[in-house]
Amino acid sequence: MTKRPPALQATDKLAFLLSLVPWLIDRARVSVAETAKHFGMTEQQIRDAVMLIAVSGIPGETHQYQDGDLFDIAWDRFEDDDEIVLTHLVAIDDSPRFSGREAAALIAGLQYLSALPENADRGAIDSLMAKLARGASTRPSEMAVEAGQTDAALALIREAVATGVQVEFDYVNSRGEHEHRHADPLRIESVDTDWYLRAWCHLRGAVRIFRLDRVSTLTLTALPIEFKVGDVALPDELFEGSADDLFVTIDVTPAALSLIADYIPDDAERTTAGDRVRTSVRVSHVHALKRLVAGLPGMVTVVEPPEARHAVAEWAAAGAARYGI
(Lines give C-alpha, C1' and ligand atoms only; values in the text may rest on other atoms or scores of the structure.)
Protein backbone atom coordinates (compact mmCIF):
# COMPACT_ATOMS: atom_id res chain seq x y z
CA MET A 1 0.00 0.00 0.00
CA THR A 2 1.38 3.41 -0.99
CA LYS A 3 2.27 5.53 1.99
CA ARG A 4 0.46 8.86 1.97
CA PRO A 5 2.72 11.91 2.52
CA PRO A 6 2.06 13.62 5.86
CA ALA A 7 -0.10 16.74 5.95
CA LEU A 8 1.87 19.94 5.59
CA GLN A 9 2.23 22.33 8.48
CA ALA A 10 1.35 25.99 7.89
CA THR A 11 4.97 27.10 7.40
CA ASP A 12 5.68 24.17 5.09
CA LYS A 13 2.54 24.91 3.05
CA LEU A 14 3.57 28.55 2.64
CA ALA A 15 7.07 27.56 1.51
CA PHE A 16 5.56 25.05 -0.91
CA LEU A 17 3.16 27.60 -2.45
CA LEU A 18 5.96 30.16 -2.79
CA SER A 19 7.95 27.54 -4.70
CA LEU A 20 5.01 26.23 -6.71
CA VAL A 21 3.92 29.49 -8.33
CA PRO A 22 7.25 30.42 -10.01
CA TRP A 23 7.75 26.76 -10.96
CA LEU A 24 4.40 26.75 -12.77
CA ILE A 25 5.11 30.10 -14.42
CA ASP A 26 8.45 28.85 -15.72
CA ARG A 27 6.82 25.83 -17.39
CA ALA A 28 3.72 27.52 -18.85
CA ARG A 29 1.87 24.18 -19.04
CA VAL A 30 2.45 21.09 -16.91
CA SER A 31 0.47 18.07 -15.77
CA VAL A 32 -0.70 17.50 -12.20
CA ALA A 33 1.14 14.16 -12.18
CA GLU A 34 4.49 15.74 -13.16
CA THR A 35 4.03 18.48 -10.57
CA ALA A 36 3.28 15.95 -7.85
CA LYS A 37 6.34 13.92 -8.77
CA HIS A 38 8.57 17.01 -8.72
CA PHE A 39 7.44 18.17 -5.28
CA GLY A 40 7.09 14.69 -3.77
CA MET A 41 3.38 15.11 -3.01
CA THR A 42 0.14 13.42 -3.97
CA GLU A 43 -1.80 14.55 -7.01
CA GLN A 44 -4.71 15.57 -4.78
CA GLN A 45 -2.43 17.80 -2.72
CA ILE A 46 -1.35 19.51 -5.93
CA ARG A 47 -4.96 19.97 -7.04
CA ASP A 48 -5.82 21.50 -3.66
CA ALA A 49 -2.85 23.86 -3.94
CA VAL A 50 -3.89 24.97 -7.42
CA MET A 51 -7.42 25.65 -6.17
CA LEU A 52 -5.91 27.79 -3.41
CA ILE A 53 -3.78 29.72 -5.89
CA ALA A 54 -6.88 30.40 -8.00
CA VAL A 55 -8.52 32.31 -5.12
CA SER A 56 -5.36 34.18 -4.14
CA GLY A 57 -4.28 37.62 -5.19
CA ILE A 58 -3.67 41.23 -4.20
CA PRO A 59 -6.52 43.73 -3.83
CA GLY A 60 -6.36 46.52 -6.38
CA GLU A 61 -7.33 50.18 -6.16
CA THR A 62 -10.77 49.30 -4.76
CA HIS A 63 -9.10 47.42 -1.87
CA GLN A 64 -11.46 44.55 -2.70
CA TYR A 65 -10.66 41.35 -4.51
CA GLN A 66 -12.00 41.73 -8.07
CA ASP A 67 -11.48 39.34 -10.97
CA GLY A 68 -8.34 41.15 -12.15
CA ASP A 69 -6.81 40.98 -8.68
CA LEU A 70 -6.70 37.16 -8.57
CA PHE A 71 -4.66 34.44 -10.18
CA ASP A 72 -6.56 32.48 -12.79
CA ILE A 73 -6.04 29.17 -14.56
CA ALA A 74 -7.34 27.44 -17.68
CA TRP A 75 -10.17 25.60 -15.94
CA ASP A 76 -11.13 23.34 -18.84
CA ARG A 77 -7.61 21.96 -19.10
CA PHE A 78 -7.42 21.57 -15.34
CA GLU A 79 -10.73 19.74 -14.99
CA ASP A 80 -10.68 17.71 -18.22
CA ASP A 81 -6.97 17.07 -18.87
CA ASP A 82 -5.46 17.39 -15.39
CA GLU A 83 -3.13 20.10 -16.70
CA ILE A 84 -2.15 23.33 -14.97
CA VAL A 85 -1.96 26.48 -17.06
CA LEU A 86 -1.83 29.88 -15.36
CA THR A 87 -3.68 32.42 -17.49
CA HIS A 88 -3.50 35.48 -15.22
CA LEU A 89 -0.73 36.44 -12.84
CA VAL A 90 -0.97 38.89 -9.98
CA ALA A 91 1.79 41.36 -9.04
CA ILE A 92 4.41 39.19 -10.75
CA ASP A 93 3.57 40.74 -14.12
CA ASP A 94 4.05 44.21 -12.62
CA SER A 95 7.40 43.49 -10.98
CA PRO A 96 10.53 45.22 -12.35
CA ARG A 97 12.06 43.49 -15.35
CA PHE A 98 15.27 43.83 -17.28
CA SER A 99 14.94 45.87 -20.45
CA GLY A 100 15.79 44.17 -23.72
CA ARG A 101 19.20 45.88 -23.77
CA GLU A 102 19.96 44.94 -20.17
CA ALA A 103 19.02 41.32 -20.79
CA ALA A 104 21.11 41.28 -23.98
CA ALA A 105 24.14 42.56 -22.05
CA LEU A 106 23.73 39.89 -19.37
CA ILE A 107 23.25 37.18 -22.01
CA ALA A 108 26.43 38.34 -23.77
CA GLY A 109 28.33 38.03 -20.49
CA LEU A 110 26.96 34.53 -19.95
CA GLN A 111 27.93 33.57 -23.51
CA TYR A 112 31.46 34.72 -22.74
CA LEU A 113 31.54 32.65 -19.55
CA SER A 114 30.20 29.59 -21.35
CA ALA A 115 33.03 29.90 -23.87
CA LEU A 116 35.68 29.51 -21.18
CA PRO A 117 37.06 25.98 -20.82
CA GLU A 118 35.87 25.41 -17.26
CA ASN A 119 32.34 26.47 -18.15
CA ALA A 120 31.99 24.68 -21.47
CA ASP A 121 28.75 22.77 -22.06
CA ARG A 122 27.19 23.94 -18.82
CA GLY A 123 23.43 23.48 -19.00
CA ALA A 124 22.87 25.89 -16.12
CA ILE A 125 24.25 28.81 -18.13
CA ASP A 126 22.05 27.96 -21.12
CA SER A 127 19.01 27.72 -18.84
CA LEU A 128 19.77 31.10 -17.26
CA MET A 129 20.18 32.75 -20.66
CA ALA A 130 16.80 31.37 -21.72
CA LYS A 131 15.15 32.68 -18.56
CA LEU A 132 16.66 36.13 -19.07
CA ALA A 133 15.33 36.20 -22.61
CA ARG A 134 11.83 35.19 -21.50
CA GLY A 135 11.74 37.53 -18.52
CA ALA A 136 12.87 40.71 -20.28
CA SER A 137 10.33 43.47 -20.88
CA THR A 138 11.18 43.37 -24.61
CA ARG A 139 12.87 40.78 -26.78
CA PRO A 140 16.68 41.03 -26.29
CA SER A 141 18.81 41.69 -29.37
CA GLU A 142 20.39 38.56 -30.77
CA MET A 143 24.16 38.49 -30.44
CA ALA A 144 27.07 36.12 -30.22
CA VAL A 145 30.41 36.40 -28.43
CA GLU A 146 33.27 34.82 -30.32
CA ALA A 147 36.01 32.90 -28.58
CA GLY A 148 39.04 34.98 -27.59
CA GLN A 149 42.60 34.38 -28.74
CA THR A 150 43.62 33.31 -25.24
CA ASP A 151 41.01 30.54 -24.92
CA ALA A 152 43.35 27.87 -26.28
CA ALA A 153 46.07 28.96 -23.84
CA LEU A 154 43.60 28.85 -20.95
CA ALA A 155 42.60 25.31 -21.87
CA LEU A 156 46.23 24.13 -22.01
CA ILE A 157 47.12 25.77 -18.69
CA ARG A 158 44.14 24.15 -16.97
CA GLU A 159 45.16 20.82 -18.42
CA ALA A 160 48.68 21.38 -17.05
CA VAL A 161 47.27 22.11 -13.59
CA ALA A 162 45.05 19.04 -13.73
CA THR A 163 47.88 16.74 -14.81
CA GLY A 164 50.61 18.37 -12.70
CA VAL A 165 53.09 19.15 -15.49
CA GLN A 166 55.13 22.20 -16.43
CA VAL A 167 54.40 24.42 -19.40
CA GLU A 168 56.88 26.07 -21.75
CA PHE A 169 56.30 29.08 -23.96
CA ASP A 170 57.82 32.10 -25.64
CA TYR A 171 57.08 35.37 -23.89
CA VAL A 172 57.36 39.04 -24.83
CA ASN A 173 57.71 41.22 -21.73
CA SER A 174 56.56 44.84 -21.38
CA ARG A 175 59.90 46.03 -22.76
CA GLY A 176 59.51 44.02 -25.94
CA GLU A 177 62.14 41.45 -24.98
CA HIS A 178 61.65 37.84 -26.16
CA GLU A 179 62.44 34.96 -23.80
CA HIS A 180 61.67 31.26 -23.57
CA ARG A 181 60.19 30.19 -20.23
CA HIS A 182 59.50 26.96 -18.33
CA ALA A 183 56.94 27.43 -15.55
CA ASP A 184 54.74 25.69 -13.01
CA PRO A 185 51.23 27.20 -13.47
CA LEU A 186 49.71 28.28 -10.16
CA ARG A 187 46.74 30.56 -10.79
CA ILE A 188 44.88 32.24 -13.66
CA GLU A 189 43.28 35.63 -13.10
CA SER A 190 41.61 38.26 -15.26
CA VAL A 191 41.64 42.04 -15.13
CA ASP A 192 39.13 43.69 -17.46
CA THR A 193 39.63 41.85 -20.76
CA ASP A 194 43.17 40.60 -20.06
CA TRP A 195 44.11 37.20 -18.62
CA TYR A 196 47.20 36.65 -16.49
CA LEU A 197 49.05 33.51 -15.41
CA ARG A 198 50.80 33.39 -12.05
CA ALA A 199 53.47 30.73 -12.22
CA TRP A 200 56.77 29.63 -10.74
CA CYS A 201 59.27 30.62 -13.42
CA HIS A 202 62.24 28.23 -13.57
CA LEU A 203 64.31 30.81 -15.48
CA ARG A 204 63.93 33.43 -12.74
CA GLY A 205 63.59 31.03 -9.80
CA ALA A 206 60.58 32.94 -8.45
CA VAL A 207 56.89 33.60 -8.99
CA ARG A 208 56.22 35.67 -12.08
CA ILE A 209 53.09 37.03 -13.77
CA PHE A 210 52.58 36.48 -17.50
CA ARG A 211 49.95 38.18 -19.64
CA LEU A 212 48.45 35.51 -21.87
CA ASP A 213 48.17 37.65 -25.00
CA ARG A 214 51.99 37.93 -24.88
CA VAL A 215 52.42 34.16 -24.66
CA SER A 216 53.06 32.13 -27.83
CA THR A 217 53.95 28.51 -28.71
CA LEU A 218 52.52 27.34 -25.38
CA THR A 219 52.95 23.59 -24.91
CA LEU A 220 52.70 21.02 -22.15
CA THR A 221 55.89 19.27 -21.11
CA ALA A 222 56.50 15.84 -19.59
CA LEU A 223 58.23 17.41 -16.58
CA PRO A 224 56.31 17.31 -13.29
CA ILE A 225 55.73 20.63 -11.54
CA GLU A 226 58.03 21.46 -8.65
CA PHE A 227 55.73 23.99 -6.99
CA LYS A 228 51.99 24.18 -6.56
CA VAL A 229 49.57 26.55 -4.83
CA GLY A 230 50.34 26.39 -1.12
CA ASP A 231 54.06 25.84 -1.64
CA VAL A 232 54.70 29.52 -2.44
CA ALA A 233 53.18 32.77 -1.17
CA LEU A 234 50.83 34.45 -3.62
CA PRO A 235 49.89 38.02 -2.62
CA ASP A 236 46.30 39.20 -2.93
CA GLU A 237 47.37 41.93 -5.36
CA LEU A 238 47.97 40.81 -8.90
CA PHE A 239 50.54 43.50 -9.63
CA GLU A 240 53.50 44.22 -7.38
CA GLY A 241 55.99 47.01 -7.69
CA SER A 242 59.67 46.61 -8.50
CA ALA A 243 62.76 48.80 -8.42
CA ASP A 244 62.54 49.23 -12.20
CA ASP A 245 59.02 50.67 -12.20
CA LEU A 246 58.32 54.02 -13.84
CA PHE A 247 56.69 56.69 -11.66
CA VAL A 248 54.53 59.10 -13.61
CA THR A 249 52.72 62.23 -12.47
CA ILE A 250 49.24 62.56 -13.92
CA ASP A 251 46.16 64.75 -13.71
CA VAL A 252 43.03 62.63 -13.47
CA THR A 253 39.32 63.29 -13.09
CA PRO A 254 38.00 62.42 -9.62
CA ALA A 255 35.57 59.89 -11.13
CA ALA A 256 38.47 57.90 -12.61
CA LEU A 257 40.54 57.64 -9.44
CA SER A 258 38.90 54.39 -8.38
CA LEU A 259 39.56 52.91 -11.84
CA ILE A 260 43.33 53.34 -11.50
CA ALA A 261 43.61 52.72 -7.75
CA ASP A 262 45.81 49.65 -8.33
CA TYR A 263 48.40 51.82 -10.08
CA ILE A 264 48.57 54.55 -7.40
CA PRO A 265 51.16 53.88 -4.66
CA ASP A 266 49.85 53.95 -1.10
CA ASP A 267 52.07 56.91 -0.23
CA ALA A 268 51.28 58.92 -3.36
CA GLU A 269 50.23 62.52 -2.72
CA ARG A 270 46.96 63.83 -4.12
CA THR A 271 46.42 67.53 -4.75
CA THR A 272 43.63 69.39 -6.48
CA ALA A 273 44.55 70.92 -9.83
CA GLY A 274 41.47 72.73 -11.12
CA ASP A 275 38.76 70.16 -11.73
CA ARG A 276 41.28 67.33 -11.61
CA VAL A 277 43.40 65.52 -9.06
CA ARG A 278 47.17 65.43 -9.46
CA THR A 279 48.80 62.25 -8.26
CA SER A 280 51.30 59.65 -9.42
CA VAL A 281 51.03 56.13 -10.78
CA ARG A 282 53.55 53.33 -10.98
CA VAL A 283 53.78 51.32 -14.19
CA SER A 284 56.25 48.71 -15.36
CA HIS A 285 57.08 50.51 -18.61
CA VAL A 286 55.96 53.37 -20.82
CA HIS A 287 54.00 50.88 -22.94
CA ALA A 288 51.87 50.05 -19.89
CA LEU A 289 51.30 53.79 -19.43
CA LYS A 290 49.97 54.02 -23.00
CA ARG A 291 47.46 51.27 -22.26
CA LEU A 292 46.39 52.99 -19.06
CA VAL A 293 45.79 56.32 -20.81
CA ALA A 294 44.02 54.65 -23.75
CA GLY A 295 41.58 52.97 -21.38
CA LEU A 296 40.52 56.32 -19.88
CA PRO A 297 40.17 58.69 -22.84
CA GLY A 298 39.89 62.33 -21.81
CA MET A 299 40.19 61.48 -18.12
CA VAL A 300 43.98 61.21 -17.70
CA THR A 301 46.73 63.66 -18.67
CA VAL A 302 50.40 62.77 -18.32
CA VAL A 303 52.33 65.61 -16.66
CA GLU A 304 55.84 64.29 -16.11
CA PRO A 305 58.48 62.99 -16.62
CA PRO A 306 58.87 64.68 -20.02
CA GLU A 307 59.92 61.47 -21.78
CA ALA A 308 56.72 59.71 -20.64
CA ARG A 309 54.56 62.65 -21.71
CA HIS A 310 56.32 62.76 -25.09
CA ALA A 311 55.97 58.99 -25.62
CA VAL A 312 52.22 59.04 -24.93
CA ALA A 313 51.67 62.14 -27.12
CA GLU A 314 53.65 60.58 -29.97
CA TRP A 315 51.72 57.32 -29.67
CA ALA A 316 48.36 59.13 -29.63
CA ALA A 317 49.34 61.24 -32.68
CA ALA A 318 50.35 58.11 -34.59
CA GLY A 319 46.99 56.51 -33.79
CA ALA A 320 45.07 59.62 -34.87
CA ALA A 321 47.06 59.77 -38.12
CA ARG A 322 45.89 56.29 -39.06
CA TYR A 323 42.31 57.59 -38.97
CA GLY A 324 43.21 60.72 -40.91
CA ILE A 325 42.56 62.99 -37.93
Regarding Met41, is this residue at pLDDT 75 or above and either open to solvent by 50 Å² or more (accessible area, probe 1.4 Å) or farther than 13 Å from Ile73 by Cβ (or both)?
yes
Determine whether Leu156 is part of a helix (DSSP H, G or I) and at pLDDT 65 or above.
yes
If the requirement is being at pLDDT 85 or above and either in contact with a helix residue (DSSP H, G or I) (Cβ under 8 Å, 6 or more places away or on another chain) or aliphatic (A, V, I, L, M) (or both), which of these qualifies: Val248, Val286?
Val248
Which residues, taken from the range 266-281, are among the polar types (S, T, N, Q) and either more than 17 Å from Leu296 (Cβ to Cβ) or open to solvent by 40 Å² or more (accessible area, probe 1.4 Å) (or both)?
Thr271, Thr272
Just to verify a result, which residue in the range 79-111, among those that are aliphatic (A, V, I, L, M) and in a helix (DSSP H, G or I), is modelled with the lowest pLDDT?
Ile92
Test result for Asp170, more than 30 Å from Glu269 (Cα to Cα) and either modelled with pLDDT of 85 or more or not in a loop (DSSP other than H, G, I, E, B) (or both)
yes
Residue list for the range 251-283, restricted to those being in contact with a helix residue (DSSP H, G or I) (Cβ under 9 Å, 6 or more places away or on another chain), assigned to a strand (DSSP E or B) and at pLDDT below 85
Val283
Taking only the range 1-38 into account, find how many residues are modelled with pLDDT of 70 or more, in a loop (DSSP other than H, G, I, E, B) and open to solvent by less than 70 Å² (accessible area, probe 1.4 Å).
1
Any idea how many residues of the range 300-325 are open to solvent by 60 Å² or more (accessible area, probe 1.4 Å) and either closer than 12 Å to Ile250 by Cα or assigned to a strand (DSSP E or B) (or both)?
3
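The values are calculated or read from the model by the stated rules, or taken from the named source; none is laboratory data. Given the structure is predicted, the values throughout are model-derived calculations rather than measurements. Every residue, glycine as well, gets a Cβ built from its backbone with ideal geometry; the counts of neighbours run over all protein chains shown. Just so you know, the surface numbers come from the protein's heavy atoms only, side chains and all, with ligands and any DNA or RNA stripped out. Shrake-Rupley method; radii C 1.70, N 1.55, O 1.52, S 1.80 Å.
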